[in-house]
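A quick write-up on the structure given underneath.
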Amino acid sequence: MTASMPNSSPDAPLVGVIMGSSSDWDVMQHAVAMLHDFGVAYEARVISAHRMPHDMAEYGAAAHARGLRAIIAGAGGAAHLPGMMAALTDVPVFGVPVPSKYLRGEDSLLSIVQMPKGVPVATFAIGEAGAANAALHVVANLATTDAALRDKLLAFRARQTEAARAMQLPPAGARA
Ligand code: RP5
């Protein structure tokens with residue numbers, strides 16, 4: 001992960017990364033780091049659906065006019081933030097289930113993924129991989145109309161492929 005990673009870019013944000021609590025940051029910072037590494041302008045904020053419902057409504061109402069092209073929303077437990085944000089704006093919402101204390105995030109996953117027909121939330125894996133992949137998916141969407149960003153995405157994929165090809169297995173019988 002990038003060492004110095006501010007909570008917003010100097011440029012006007014294209015992507016809003018929102019989360020229900022600062023306790024979600026350990027997971028959601030992986031989305032922010034990916035956007036930072038790709039040079040995509042973002043902002044990161046805590047917006048709690050149940051503790052800050054009016055702030056949530058204002059954020060959703062202003063999202064399109066502020067130039068946001070995507071919103072990555074992470075939450076845990078009865079994770080209604082992504083679905084409510086999707087109801088409040090036509091900006092696409094990408095949901096990240098955050099692991100919860102008692103149900104390991106399976107509650108978060110089901111809360112986010114089971115949206116009734118008509119208001120979608122693109123839902124990712126529980127935890128760090130989901131946060132990083134949500135950002136990569138946003139990058140891929142933006143890259144459909146941004147050739148320079150597409151080049152970065154293809155280079156990222158190529159590095160990943162080379163790293164996988166270079167993987168070595170320990171001798172049989174050795175314990176990691
Ligand atoms: C949700 O409740 C947050 O998204 C978080 O995952 C969970 C617990 O929040 P805290 O009690 O840690 O603030 O709203």
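Gly16 fulfils the conditions (1) surrounded by fewer than 21 Cβ atoms within 10 Å (Cβ to Cβ); (2) under 18 Å from Gly74 (Cα atoms) except for a single criterion, (1).
Residues in the stretch 131-176 that are in contact with a helix residue (DSSP H, G or I) (Cβ under 8 Å, 6 or more places away or on another chain), free of Cβ contacts under 8 Å to residues at least 60 places away in the same chain and among the small types (Gly, Ala, Ser): Ala140, Ala143.
Selection of the stretch 128-145 for residues being loosely packed, with under 15 Cβ neighbours inside 10 Å and over 21 Å from Thr89 (Cβ atoms) yields only Ala129. For the stretch 110-127, the tally of residues that are under 20 Å from Met34 (Cβ atoms) and either at pLDDT below 95 or surrounded by 17 or more Cβ atoms within 10 Å (Cβ to Cβ) (or both) stands at 7. I'd like to check something: does the stretch 82-96 contain any residue that is within 15 Å of the ligand (Cβ to nearest atom), among the polar types (S, T, N, Q) and modelled with pLDDT of 95 or more? The answer is no; no qualifying residue exists. Inspection of the stretch 152-163 finds no residue satisfying the criterion of being closer than 21 Å to Glu43 by Cα, of a type in the set (A, V, I, L, M, F, W, C) and buried (at least 18 other Cβ atoms within 10 Å of the Cβ).
Look at the stretch 38-54: where a residue is in contact (Cβ under 8 Å) with a residue 24 or more places away in the chain and of a type in the set (Val, Ile, Thr) and a partner is loosely packed, with under 13 Cβ neighbours inside 10 Å and part of a helix (DSSP H, G or I), sitting 6+ places away or on another chain with Cβ atoms under 9 Å, you get Val46/Ser22. Comparison of Leu103, Leu14, Leu81 shows that the only residue that is more than 16 Å from Val121 (Cα to Cα) and under 16 Å from the mean Cα position of the chain (by Cα) is Leu14. Within the stretch 40-82, the residues that satisfy the criterion of being surrounded by 14 or more Cβ atoms within 10 Å (Cβ to Cβ) and of a type in the set (Asp, Glu) are Glu43, Asp55.
The values are calculated or read from the model by the stated rules, or taken from the named source; none is laboratory data. Keep in mind that what you see is a predicted model, and the values were worked out from it rather than measured. Backbone-built Cβ (ideal geometry, glycine too); neighbour counts: all protein chains shown.
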